[in-house]
Amino acid sequence: MQKRSLLLSHASQLLRLRGKTVPRRGASMRDLGIIEDGAVLIENGKIAAVGTTDELRAHAKRAEENDCRNKVVLPGFVDSHTHPVFATPRLIDFEKRIAGASYEEIAEVGGGIRSSIRGVRESSVEQLVQHVRAALHEMSAYGTTTVEAKSGYGLDLPSELKSLEAIQQAAKNWSGSLVSTLLAAHVVSPEHRENPDEYVRIVCDEIIPDTAGRGLKPTPHGRGGDIYGKPKGVPLQRTRLAEYVDVFCERGAFTPEQSVRILRAAVANGLKTRIHIGQLTHTALDLFAEFHPVSVDHLDHVTDADIAWLAKTDTVATLLPAANYFLGLSNFPPARKLIDSGVAVALATDYNPGTSPTTSMPFVLSVACTHLKMLPAEAITAATMNGACALNLQHRKGSLEVGKDADIAIFDAQDYREIPYWFGVNRCRKVFQNGKQI
Ligand SMILES: [Zn+2]
């Protein structure tokens, strides 16, 4: 079979971000490895060569050529934190919050997370697939090629499994790469508000083991059948339903002790961990050191001790400033201090119906520059290479290097700084996901 080769040539700037397969820290976050008049050769879904246009033309004579004059070519964004499995936007929250209503007042009039839970529980898996798929297509249009997607609006075993199944089904018709996360520990389910520890027990003893066990081996009498109405006997997928367990460790969600129990169950069941932490109040990060979380996310409230701990670990600090923006907050996570202290910082959308209804990574980059005082180069590294590290995909994603997946975004710009500069508009012109142009 003839190899299909495509040469993207004459990029004003090609951002290579090559080098290491460890998270970028400090000054290395500003090193984008820019090649002027750059080119990249794509073969069979992978990057086959990177260099200047002259260099690559020599050994890509038979490649189809795609002229990228006046364009910036960079690795596709890795959106390492999203909640796409929901049914409807939260417009009550939006409007009431503008009018100054509290979280409790919003809940009283039918808004808040409980409305999302109701929406997911009442939706069919097909309806949820539609929503996830629409979000993935929107994300692609903004240059995103890898997405982490969480459950977390079901909060009982069937609805959490339904949410993860929706993520998995949506992924099948998407050429990008998707990583799924079980977030049954988003908040305590409405049924267990009076007894949160019982919900924690259900998460640890039922939801996590059941999720972890699914898809690991072909199951001729798949238990999935009875939940989703599939005929019994249909084998479940071999791919795992979730790779990660996440927990919202926060006042009003789960205490540090409950979070430890949940993460311990995750590790015991062979799942990797990530944590929502420090969004509203401070919790010491080293309480969770034993779990080696791949990422700790939000970090609006961190201490010097947390920062010192983070700087020593490979745990990535994922900042989600679109949530601060959308909530109208004046405080933002201390990106400058984190980066200057040697912490590996990533950026993600936190796409969700309550606090961050955006699929746009370029918008997040813009907020990171204007409000977190990240330099444009740091923001791009945070959204590509460090995002890949935040999903343990640094060997395949996050940079334009030979052998990596051909995940590439092409922006209508001559300078990479234009990507966060032009905010609220979409200048992404082309995207390749695993070599496929979408
Ligand atoms: Zn989140």
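Would you check which residues across the range 47-64 are surrounded by fewer than 17 Cβ atoms within 10 Å (Cβ to Cβ), touching a residue at least 40 places away in the same chain (Cβ under 8 Å) and not in a loop (DSSP other than H, G, I, E, B) and list them?
Selection gives R57, E64.
Can you pull out every residue in the range 65-83 that is assigned to a loop (DSSP other than H, G, I, E, B) and within 16 Å of the ligand (Cβ to nearest atom)? Even if it seems obvious, please write down each step before you answer.
To start, the set of residues in the range 65-83 that are assigned to a loop (DSSP other than H, G, I, E, B) comprises 68-70, 76, 80-81, 83.
S80, H81, H83 - these are the residues of the range 65-83 that are assigned to a loop (DSSP other than H, G, I, E, B) and within 16 Å of the ligand (Cβ to nearest atom).
I'd like to check something: does the range 302-320 contain any residue that is open to solvent by 40 Å² or more (accessible area, probe 1.4 Å), within 16 Å of the ligand (Cβ to nearest atom) and more than 26 Å from Q394 (Cβ to Cβ)? For the range 302-320, residues open to solvent by 40 Å² or more (accessible area, probe 1.4 Å), within 16 Å of the ligand (Cβ to nearest atom) and more than 26 Å from Q394 (Cβ to Cβ): absent.
Of all residues in the range 204-219, count the ones that are open to solvent by 40 Å² or more (accessible area, probe 1.4 Å), among the aliphatic types (A, V, I, L, M) and modelled with pLDDT of 80 or more. Here the count works out to 0. Return the pairs, sorted by first residue and then second, in which the second residue is of a type in the set (K, R) and modelled with pLDDT of 85 or more, the first residue lies in the range 1-26 and is closer than 17 Å to G403 by Cα, the beta carbons are less than 7 Å apart, and the residues are 6+ apart or on different chains. Qualifying pairs under 7 Å: S5/R62.
Here D156 clears all of (1) over 20 Å from T349 (Cα atoms); (2) crowded, with 24+ Cβ neighbours inside 10 Å except the condition numbered (2).
In summary, P353 fulfils each of the numbered conditions (1) in contact (Cβ under 8 Å) with a residue 40 or more places away in the chain; (2) buried (at least 24 other Cβ atoms within 10 Å of the Cβ) with the single exception of condition (2).
I'd like the residue in the range 102-122 that is polar (S, T, N, Q) and within 14 Å of P89 (Cα to Cα) and, out of all such residues, is most open to solvent (accessible area, probe 1.4 Å). Walk me through it before giving the result.
First, pick out the residues of the range 102-122 that are polar (S, T, N, Q): 102, 115-116.
Subset that is within 14 Å of P89 (Cα to Cα): 115-116.
Values: S115: 26, S116: 7 Å².
The qualifying residue most open to solvent (accessible area, probe 1.4 Å) is S115.
What about A149, is it under 18 Å from L178 (Cα atoms) and either more than 16 Å from the ligand (Cβ to nearest atom) or surrounded by fewer than 19 Cβ atoms within 10 Å (Cβ to Cβ) (or both)? Outline the logic, then answer.
On the way: under 18 Å from L178 (Cα atoms): yes; either more than 16 Å from the ligand (Cβ to nearest atom) or surrounded by fewer than 19 Cβ atoms within 10 Å (Cβ to Cβ) (or both): no.
For A149, the condition - under 18 Å from L178 (Cα atoms) and either more than 16 Å from the ligand (Cβ to nearest atom) or surrounded by fewer than 19 Cβ atoms within 10 Å (Cβ to Cβ) (or both) - is not met.
Applying the condition of being under 19 Å from E122 (Cβ atoms) and touching a Phe, Trp or Tyr at 6+ places or on another chain (Cβ under 9 Å) to the range 163-182 and asking which residue is farthest from the ligand (Cβ to nearest atom) yields E165. Being crowded, with 24+ Cβ neighbours inside 10 Å and under 24 Å from K430 (Cα atoms) holds for only one residue in L400, L393, and it is L400.
The set of residues from the range 394-438 being in a helix (DSSP H, G or I) and within 18 Å of I35 (Cβ to Cβ) comprises E418, I419. Can you say whether V120 is modelled with pLDDT of 95 or more, within 16 Å of the ligand (Cβ to nearest atom), among the β-branched types (V, I, T) and within 22 Å of the chain's Cα centre (by Cα), as far as the supplied structure shows? Against the criterion (modelled with pLDDT of 95 or more, within 16 Å of the ligand (Cβ to nearest atom), among the β-branched types (V, I, T) and within 22 Å of the chain's Cα centre (by Cα)), V120 qualifies. The criterion of being modelled with pLDDT of 95 or more, open to solvent by less than 10 Å² (accessible area, probe 1.4 Å), within 16 Å of the ligand (Cβ to nearest atom) and assigned to a loop (DSSP other than H, G, I, E, B) does not hold for T358.
Restricting the range 271-289 to residues that are closer than 13 Å to L310 by Cα and more than 22 Å from the chain's Cα centre (by Cα), the residue that is least open to solvent (accessible area, probe 1.4 Å) is A284.
Sort through V296, V260, V267 and tell me the only one that's modelled with pLDDT of 95 or more, aliphatic (A, V, I, L, M) and buried (at least 22 other Cβ atoms within 10 Å of the Cβ). Explain how you work it out, then say what you get.
Numbers: V260 fails: buried (at least 22 other Cβ atoms within 10 Å of the Cβ); V267 fails: buried (at least 22 other Cβ atoms within 10 Å of the Cβ).
Exactly one residue qualifies, and that residue is V296.
Selection of the range 110-124 for residues being in contact (Cβ under 8 Å) with a residue 24 or more places away in the chain, closer than 21 Å to R97 by Cβ and not in a loop (DSSP other than H, G, I, E, B) yields I113, R114, S115, S116, I117, G119.
The values are calculated or read from the model by the stated rules, or taken from the named source; none is laboratory data. Quick caveat, the model's predicted, so the values are computed rather than measured. So basically every Cβ, Gly included, is an ideal-geometry build from the backbone, and we count neighbours across all protein chains shown. Only protein heavy atoms, including side chains, enter the accessible area calculation; ligands, DNA and RNA are left aside. Shrake-Rupley method; radii C 1.70, N 1.55, O 1.52, S 1.80 Å.
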